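Beneath this line is the structure, given in structure tokens, with notes to follow.
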Amino acid sequence: MSNKVHLGHTARKRFGQNFLTNDTIISRIVGAIAPDNDHVMVEIGPGLGAITEPVAESIDNLCVVELDRDLVERLQSHPFLKDKLTIHQGDALQFDFRQLKQAGKKMKVFGNLPYNISTPLMFHLFEFAEEIETMHFMLQKEVVLRLSASPGTKAYGKLTVMAQYYCQVVPVLEVPPSAFTPAPKVDSAVVRLLPFDTKPFPCEDVNVLRHVCTTAFNMRRKTLRNNLKTIFTDEEFSQLNVDSTLRPEQITVEQYVALANLLCQKQA
Ligand code: SAM
């Protein structure tokens with residue numbers, strides 16, 4: 001039988017379907033998620049239920065967002081899960097996670113994410129950070145390295161700055177390709193993202209921060225001064241104590257926020 005068929009379902013590459021099949025890894029992920037009824041529990045891409053089933057065992061209700069209609073049908077007729085799940089068929093990238101809000105409860109969001117959309121999905125989820133208590137995601141290991149990178153390293157970029165603006169980022173577990181069916185071509189890792197209740201470096205307008213980061217990291221080999229010369233003068237860099245002769249990956253999250261806040265003031 002093809003290694004793309006799992007539990008009678010042929011994995012669809014376009015939906016990034018690599019199903020978790022290693023019970024030890026699944027238990028460790030469920031332990032990290034710590035499911036409970038005090039939060040709105042949300043899974044992105046439940047697939048054939050590898051994480052869904054053990055999570056649902058200890059809670060009353062689990063919201064899931066799944067794009068593949070065939071998998072949604074299977075979940076709807078699953079003997080145990082059908083009574084536990086609130087199923088949203090659709091694209092998590094377009095999904096308004098605020099609609100899952102319940103009075104007095106924050107969300108715990110998790111998933112073994114489709115790798116082809118994981119970076120835009122991270123940016124989309126950051127928009128709901130205030131409603132979220134914890135996020136646990138299986139991602140390409142390289143993406144986890146980018147999320148958790150320190151300034152001055154190759155992995156440090158726009159995704160790092162935006163993730164660490166919103167969240168504390170904690171790598172949890174590395175996962176080999178053999179833990180999935182079909183096996184992905186890359187190594188994977190689980191990351192925990194803990195949105196800050198109070199942001200260490202608050203920004204007046206997060207869209208401006210995103211714009212500054214996009215422009216700064218446009219050409220990584222150039223200096224900050226070169227990349228941002230249409231936005232900031234040399235005096236403004238000095239005023240903020242930002243060394244503009246450095247490369248974009250050498251600037252801290254705090255400094256990017258300071259630049260964004262200055263731009264907000266200039267635009268006011
Ligand atoms: N959770 C299952 C597991 O661990 O075995 C499946 C994980 S598989 C890597 C990714 C899942 O996300 C698949 O079920 C896939 O159909 C679903 N998916 C893909 N693109 C999606 C999207 N844009 N929105 C929601 N779900 C999506």
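The values are calculated or read from the model by the stated rules, or taken from the named source; none is laboratory data. Predicted model, so just to flag it, every value in this text is computed and none were measured. All Cβ positions, even for glycine, are placed from backbone atoms using ideal geometry, and neighbour counts span all protein chains on display. With ligands, DNA and RNA removed, areas are computed over all heavy atoms of the protein, side chains included. Shrake-Rupley method; radii C 1.70, N 1.55, O 1.52, S 1.80 Å.
Taking LYS141, is it touching a residue at least 40 places away in the same chain (Cβ under 8 Å), away from the ligand (no atom under 16 Å from the Cβ) and open to solvent by 40 Å² or more (accessible area, probe 1.4 Å)? Here the answer is no, as LYS141 does not meet what is asked. Note on region 31-54: residues that are under 14 Å from PHE137 (Cβ atoms) and more than 10 Å from the ligand (Cβ to nearest atom) total 3.
Of the residues SER118, SER77, SER58, the single one that is open to solvent by less than 20 Å² (accessible area, probe 1.4 Å), among the hydroxyl-bearing types (Ser, Thr, Tyr) and either more than 27 Å from ASP23 (Cα to Cα) or more than 9 Å from the ligand (Cβ to nearest atom) (or both) is SER118.
Looking at (1) farther than 19 Å from THR181 by Cα; (2) among the acidic types (Asp, Glu); (3) over 19 Å from the mean Cα position of the chain (by Cα), which is the only condition ASP23 fails? Result: ASP23 passes all but (1).
Return a yes/no flag: does region 123-132 have any residue that is crowded, with 20+ Cβ neighbours inside 10 Å and farther than 21 Å from GLY45 by Cα. Looking for residues that are crowded, with 20+ Cβ neighbours inside 10 Å and farther than 21 Å from GLY45 by Cα, one finds none in region 123-132, hence no. Taken residue by residue, region 8-15 has at least one member that is free of Cβ contacts under 8 Å to residues at least 40 places away in the same chain and either within 13 Å of the ligand (Cβ to nearest atom) or part of a helix (DSSP H, G or I) (or both). Considering only residues in region 159-201 that are within 16 Å of the ligand (Cβ to nearest atom), assigned to a strand (DSSP E or B) and of a type in the set (S, T, N, Q), the one that is farthest from PHE126 (Cα to Cα) turns out to be THR181.
Taking LYS108, is it surrounded by fewer than 19 Cβ atoms within 10 Å (Cβ to Cβ) and either within 14 Å of the ligand (Cβ to nearest atom) or basic (Lys, Arg) (or both)? In short, no. Quick check on VAL172: is it in contact (Cβ under 8 Å) with a residue 24 or more places away in the chain and touching a Leu at 6+ places or on another chain (Cβ under 9 Å)? Judged against the criteria, VAL172 is not a match.
Regarding PRO35, is this residue assigned to a loop (DSSP other than H, G, I, E, B), surrounded by fewer than 21 Cβ atoms within 10 Å (Cβ to Cβ) and touching a helix residue (DSSP H, G or I) at 6+ places or on another chain (Cβ under 6 Å)? Answer is yes for this residue. Residues in region 197-224 that are open to solvent by 70 Å² or more (accessible area, probe 1.4 Å) and charged (D, E, K, R): how many? Result for region 197-224: 5. In the condition set (1) at pLDDT below 95; (2) surrounded by 15 or more Cβ atoms within 10 Å (Cβ to Cβ), PRO46 is compliant with all but (1).
A Cβ distance below 9 Å, combined with a sequence gap of six or more or placement on separate chains, defines the contacts here; from region 97-113, residues that are closer than 16 Å to PHE126 by Cβ reach residues that are of a type in the set (Lys, Arg) and open to solvent by 90 Å² or more (accessible area, probe 1.4 Å) in the pairs MET107/LYS101.
Look at region 76-93: where a residue is closer than 28 Å to ASN116 by Cβ and in a helix (DSSP H, G or I) and a partner is of a type outside the set (A, V, I, L, M) and within 9 Å of the ligand (Cβ to nearest atom), sitting 6+ places away or on another chain with Cβ atoms under 7 Å, you get LEU81/GLY49; LEU81/THR52.
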